[in-house]
Amino acid sequence: MLRPDGQLQEEKVFKDPVHRYIHVRDELIWELIGTREFQRLRRIRQLGTTYLTFHGAEHTRFNHSLGVYEIMRRMVENLEKKMTWEKDERLVCLAAALLHDVGHGPFSHSFEKVFQTDHEEWTSRIIMGDTEVNKVLRRMGEDFPARVADVIGKTYENKLIVSLISSQIDADRMDYLLRDAFYTGVSYGQFDMERILRVMRPQEDQAVFKHSGMHAVEDYIMSRYQMYWQVYFHPVTRSAEVILSKILHRAKELLADGYEFQQTPHHFQSLFESTMTLEEYIRLDEYIIFYYFQAWELENDPILSDLCRRFMDRHLFKYVECDPSEQMIIWPELQELFRKIGVDPEYYLVIDSSSDLPYDFYRPGEKDERMPIHLLMPNGSLRELSRESDIVESISGKKRTDHKLYFPMDLLLDQQEHGEEKRRILTLLHQQEG
Amino acid sequence: MLQEHAKLLALLKETEEIVGRKKLQKMVYIAKRLGQPFREKYQFHMFGPYSEELTLQIEEMCQADFVEELREKKAGYYQYRYSLSSKGEQFLAAVFPEKKMLDKELLRALNEKSSKFLELVSTILYFDALTKEEVKTKVFKLKAKQNYTEEDIEEAYTFLEKLRH
């Protein structure tokens, strides 16, 4: 049972390399951290395949979720001095921050693309379903789980609360930028979070920032911009992501075709057939994925075993820059040449685009788009950030799109067979780069 | 190759022109929910279901000159008109020849409606696991500034019913 005041007898702290300490005073939060659904996040990396590019990027959704909670705790502490709200809204905010990623699966980005699932839906199911998380939340009241799910799903009535966890500058993004920079070891990605929290002011629909703190917000936007290009959109990480997606596609296809696996994918079967239960989903983690990938290296299907070896041993695809309007001219010929040399283009010739990534730049926002960042001017009016900041304005209008064509260079360089076709493929590919 | 992009080009081909980013967002969402083969990921935002992925795909196609984007100044904001360029048409023909991907009638019916109405329809679809009364409560709370009436909501349900049959 929770204590009547809802507070722990003694404050608990987690040592954290990004925020130094994460403070927990509420029994609710402590008990949520102890649930099996939350502990599962220790087995899901925050940055998916990025560890193959930046070897330090082994941090998990568990670390990040605690970090988002800690930022939210500090935000709430500051905002409570400037506004009043219903008594339990504070705990709704903290629980939502802690649980916002609880529905993420292993390598969720690839999984979601291949199987058309949505981690936000799984988050809602974990919060509302028959889970330890739900039991802990329900002790706060029957409607408490639904309120937390609504905040995370951005359908909560109080839009200010939603904006603290999900907007163009929120607890989630602030933690992942700082944390991902720390663990990848890159020198960019830093900004003065304390300053941003100090200049944050509550408004009806969102938190805004005092004009005097504009430079701290500029740094945050620059950090987001640099992390996008240098870390999140790194071509090697994307190559690993491409191979991972193709492994899942291949396994799904083989299962549908009745292929007899030496290592049947029991853990994925219901996912492949879109019948996965909540319990089955909770049991999926990256350890399971690696187990199958290693086992599948020995499968008889040459495509599945080759792709798994490439992923596990980091023998990734190479890439060339790709202009879709040029590409469309040579695409049919390229595909035909791949078939002639006995390499299935469906699996070995892949275009990856900027829109395939779950990260984005800051958008100043025109009508009908997402809410932009607003500055609170000395006269009390609000101004969109890029209208005041030359730096933000200058990067807001820049090219944000990019396509790359991935392929197995090793197979093309081995020209003992089909030498002529392979040379032609290489010519076509390099023609792409201009 | 760029299969999801191609579906958006096909959408513009079938509708000839779509006016407004919000309208485009809501049309794709509603069409997806009604079984059209769009795969963009949506989340609930200030104006209802919104897909960052879709925004980026359109941006990519504008930069590849597959889509023409016309920016018009309106009172206090910009409005965007989208149509298929001749290069976009060539791409569709080269990469997806003879492939009929979308339901023209459905898309045209959506395109005839205002973006405000489509915002309501897409919001209703977003909450389709709730009862009609619960959906109404959600709409009145989350969309207070849009001033939707009971009649608007009824009209949206009727419209959806018609599209489904």
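The values are calculated or read from the model by the stated rules, or taken from the named source; none is laboratory data. Predicted, not measured: the structure shown is a model, and the values here were computed from it. Heads up, the Cβs are rebuilt from the backbone with ideal geometry, glycines too, and the neighbour counts pull from every protein chain shown.
Let's see how each residue does on (1) in the same structural domain as A:Ala171 (by TED's automatic domain parsing); (2) crowded, with 19+ Cβ neighbours inside 10 Å; (3) within 18 Å of the chain's Cα centre (by Cα); (4) not in a helix (DSSP H, G or I):
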site: A:Ser212; (1), (2), (3), (4): no, no, no, no
site: A:His215; (1), (2), (3), (4): no, no, no, no
site: A:Asp219; (1), (2), (3), (4): no, no, no, no
site: A:Met222; (1), (2), (3), (4): no, no, no, no
site: A:Met227; (1), (2), (3), (4): no, yes, yes, no
site: A:Ser239; (1), (2), (3), (4): no, yes, yes, no
site: A:Ser245; (1), (2), (3), (4): no, yes, yes, no
site: A:Gln262; (1), (2), (3), (4): no, no, no, yes
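Looking across the stretch B:47-70, just one residue is surrounded by fewer than 22 Cβ atoms within 10 Å (Cβ to Cβ), within 9 Å of chain A (Cβ to nearest Cβ) and not in a helix (DSSP H, G or I), and that is B:Asp65. Looking only at the stretch B:15-46, which residues are more than 13 Å from chain A (Cβ to nearest Cβ), within 13 Å of the chain's Cα centre (by Cα) and assigned to a loop (DSSP other than H, G, I, E, B)? B:Glu17, B:Leu34, B:Gln36, listed by residue number.
Could you tell me whether A:Gln335 is within 14 Å of chain B (Cβ to nearest Cβ), of a type in the set (S, T, N, Q), out of contact with any Ser or Thr (no Cβ under 8 Å at 6 or more places or on another chain) and surrounded by 20 or more Cβ atoms within 10 Å (Cβ to Cβ)? Against the criterion (within 14 Å of chain B (Cβ to nearest Cβ), of a type in the set (S, T, N, Q), out of contact with any Ser or Thr (no Cβ under 8 Å at 6 or more places or on another chain) and surrounded by 20 or more Cβ atoms within 10 Å (Cβ to Cβ)), A:Gln335 does not qualify.
When A:Gln168, A:Gln203 are screened for being surrounded by fewer than 18 Cβ atoms within 10 Å (Cβ to Cβ), at pLDDT below 95 and within 24 Å of A:Ile152 (Cα to Cα), only A:Gln203 passes.
Of all residues in the stretch B:71-102, those satisfying the criterion of being buried (at least 16 other Cβ atoms within 10 Å of the Cβ) and either in a strand (DSSP E or B) or touching a Ser or Thr at 6+ places or on another chain (Cβ under 8 Å) (or both) are B:Gln79, B:Tyr80, B:Tyr82, B:Ser83, B:Leu84, B:Lys87, B:Phe91.
Inspect all residues belonging to the stretch B:1-14 and state whether any of them is among the small types (Gly, Ala, Ser) and either away from chain A (no Cβ under 11 Å) or closer than 30 Å to A:Phe407 by Cα (or both). Scanning the stretch B:1-14 turns up at least one residue that is among the small types (Gly, Ala, Ser) and either away from chain A (no Cβ under 11 Å) or closer than 30 Å to A:Phe407 by Cα (or both). For A:Ala256, the conditions (1) at pLDDT 95 or above; (2) farther than 22 Å from A:Arg310 by Cβ; (3) in the same structural domain as A:Asp313 (by TED's automatic domain parsing) are fulfilled apart from (1). Whether a residue is in a helix (DSSP H, G or I), within 14 Å of chain B (Cβ to nearest Cβ), surrounded by 22 or more Cβ atoms within 10 Å (Cβ to Cβ) and in contact with a Ser or Thr (Cβ under 9 Å, 6 or more places away or on another chain) was assessed, and A:Val151 passes this test. Hey, any hits in the stretch A:130-140 for a residue that's part of a loop (DSSP other than H, G, I, E, B) and on the phi > 0 side of the Ramachandran plot? No, because not a single residue in the stretch A:130-140 is part of a loop (DSSP other than H, G, I, E, B) and on the phi > 0 side of the Ramachandran plot. When A:Lys340 is tested against (1) free of Cβ contacts under 8 Å to residues at least 60 places away in the same chain; (2) within 23 Å of A:Arg250 (Cβ to Cβ); (3) over 28 Å from the mean Cα position of the chain (by Cα), exactly one condition is not met: (1). May I ask you to list the residues in the stretch B:73-101 that are more than 7 Å from every other protein chain (Cβ to nearest Cβ), under 30 Å from B:Lys145 (Cβ atoms) and in contact with a Lys or Arg (Cβ under 7 Å, 6 or more places away or on another chain)? Once the filter is applied, which keeps residues that are more than 7 Å from every other protein chain (Cβ to nearest Cβ), under 30 Å from B:Lys145 (Cβ atoms) and in contact with a Lys or Arg (Cβ under 7 Å, 6 or more places away or on another chain), the stretch B:73-101 yields only B:Tyr80.
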